[in-house]
Amino acid sequence: LSKISGPESLDAKTLAHPRNPSLEVRLQKMAEGSRLELDVIGLWELRSDSGELVAKGDGMRGWLSYSDRMVSVGGWQSKLDHLVLHTFGDAALILDTWRYRGNLHLRSKAAKNGQPRHLEIALKLPLEDYVLGVVTGEMATSKNGIQEALQAQAIAARSYAVFQIHSGRTQLSSTPSDQRFLPVDLETAAAREAVTKTMGQILRHDEKFVPAFFHADCGGATSNGTASGFGHS
């Protein structure tokens with residue numbers, strides 16, 4: 001068990017805050033012609049991936065929609081392949097009635113492998129906020145007497161995320177294919193305490209990051225974790 005530190009942070013951009021680097025979690029795919037409710041509390045900016053300002057405002061209530069390669073964000077439209085909606089308050093983003101921390105990345109994806117064109121919706125947020133969403137998603141955090149189990153889950157979730165991103169992953173899924181991640185609305189005080197008490201703690205073996213695989217149901221059997229060489233999920 002160790003802390004994320006110094007040169008072992010995920011990339012050069014996170015050296016100033018090595019214990020809480022940012023990561024991206026993919027929320028869902030939006031098909032052409034569909035839309036979701038979208039609200040922002042407080043100041044916001046819509047920018048291209050390169051940082052060019054598209055629109056800005058104070059408060060937003062409207063729709064996120066995607067049609068004919070056109071992305072509409074609360075009424076502002078763009079055909080850029082990658083837009084970023086920056087929010088500046090805590091849990092200021094409300095998507096499909098659920099609240100989230102972080103910035104929303106919207107990527108228009110070309111059709112391939114028989115799948116239609118779609119809009120990929122991802123959230124970029126600090127690691128510890130991501131871990132909180134995973135603890136909430138992977139365990140029943142409202143039960144009594146499970147604080148140590150919640151702390152173990154927080155360490156496992158954080159270790160898995162650090163291992164995957166350090167291995168070159170640029171994005172994690174919000175589903176059990178990586179780790180189940182839930183919005184701010186479902187957080188509990190117990191989950192927040194578990195993340196706070198273990199902040200920055202990850203698992204290592206022989207000075208290497210450990211993926212810390214876990215399961216809700218083993219199907220009646222388990223296997224030696226070293227068999228994968230820590231290289232596959």
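Structural remarks
- Between the C-alpha center of region 146-172 and that of region 95-114 there is a gap of 22 Å.
- Using only side-chain charges placed at the Cβ, +1 for Lys and Arg and -1 for Asp and Glu, the dipole size of the chain relative to its Cα centre rounds to 320 debye.
- With a cut-off of 12 Å between beta carbons, the residues surrounding residue 46 carry a summed charge of -1, where Lys and Arg count +1 and Asp and Glu -1.
- Among residues other than residue 152 with Cβ under 12 Å from its Cβ, the summed charge is 0 (Lys and Arg +1, Asp and Glu -1).
- Annotated for region 39-166: lysine pairs at least 8 residues apart or interchain, Cα distance under 20 Å, count 5.
- Helix-only mean residue ellipticity at 222 nm for the chain, each DSSP H run of n ≥ 4 adding -39500 (n - 2.57), per residue, nearest 500: -5500 deg cm²/dmol
- Proximal aspartates and glutamates to residue 29, defined as alpha-carbon separation beneath 20 angstrom and excluding residues fewer than eight positions away on the same chain: 37, 39, 49, 68, 81, 96, 120, 178
- If you sort the three axes of the alpha carbon gyration tensor as a ≥ b ≥ c, you get a/c of 1.5 or more for region 99-233 and a/b no higher than b/c, which makes it oblate.
- Projecting the Cα positions of 136, 64, 195 onto the charge dipole of the chain (unit charges on Cβ atoms of Lys, Arg, Asp and Glu, taken about the Cα centre) puts 64 furthest along the positive direction.
- Screening the chain for whole DSSP H helices of 15 Å or more along their axis (Cα) with average Kyte-Doolittle hydropathy at least -0.5 returns 127-138, 147-166.
- Electrostatic bookkeeping for residue 135 treats Lys and Arg as +1 and Asp and Glu as -1; over the other residues with beta carbon under 15 Å from its beta carbon, the sum is -2.
- Of the trypsin sites (Lys or Arg not before Pro) found in region 47-92, those that fall in a DSSP loop while having at most 12 other beta-carbon atoms within 10 Å are 79.
- Applying the criteria of a DSSP loop state and at most 15 other Cβ atoms within 10 Å to the trypsin sites (Lys or Arg not before Pro) of region 118-189 yields 143, 169.
- For residue 197, a cut-off of 12 angstrom between C-alpha atoms picks up these aspartates and glutamates, skipping any fewer than 8 places away in its own chain: 128, 148.
Rule-based calculations on the coordinates, nothing more; no lab input. In this text the structure is predicted, and so the values were computed from the model without any measurement. Positions of Cβ are generated from backbone atoms using ideal geometry, with glycine treated the same way; all protein chains shown enter the neighbour counts.
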